[in-house]
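Encoded as structure tokens, the structure appears first; notes follow it.
The values are calculated or read from the model by the stated rules, or taken from the named source; none is laboratory data. Everything numeric here is computed off the predicted structure, so don't read it as measured data. Cβ placement follows ideal geometry from the backbone for every residue including glycine, while neighbour counts extend to all protein chains displayed. For accessibility, only protein heavy atoms count, side chains too; no ligands or nucleic acids. Shrake-Rupley method; radii C 1.70, N 1.55, O 1.52, S 1.80 Å.
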Amino acid sequence: MELTSTLAAKAYQATRPATAPDPAGSAMGRVATDFVSTLQTGEAAATSAMAGQMDPHSLVQALAQTELAIETAVTIRDKVVEAYQEILRMPV
């Protein structure tokens, strides 16, 4: 019995990397990374503008990009929730 559990553990360990998520390499991971960098850029622009180190035009551009990124993320979230709710309504 010990032999079987050891073989099962080794088989699981061998297949685990294939099923492990890779957020940096996947398309959604890249999208999330780009989203975070856009938010950080907008925040840095707002901080620089408050300190008087950035012109207002650049601030407006950075904030518009941030707003677009947030609206896109909210739209995607809403579509995912809608799809999940649709799946829950399906008869079994």
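Looking at region 37-92, the accessible area is 81 square angstrom per residue; that uses a 1.4 Å probe and ignores ligands, DNA and RNA. When +1 charges are put on Lys and Arg Cβ atoms and -1 charges on Asp and Glu Cβ atoms, the dipole computed for region 34-85 relative to its Cα centre reaches about 60 debye.
Per-residue Karplus couplings for region 32-45, computed as 6.51 cos²θ - 1.76 cosθ + 1.60 with θ equal to phi - 60°, are listed in order as 5, 5, 5, 4, 5, 5, 5, 5, 5, 5, x, 5, 5, 5 Hz, Gly and Pro entered as x. For Thr72, the shell of other residues with beta-carbons less than 15 Å away shows a net charge of -1, using +1 for Lys and Arg and -1 for Asp and Glu.
For Val81, the accessible area of its heavy atoms, probed at 1.4 Å with every protein chain present, is near 70 square angstrom.
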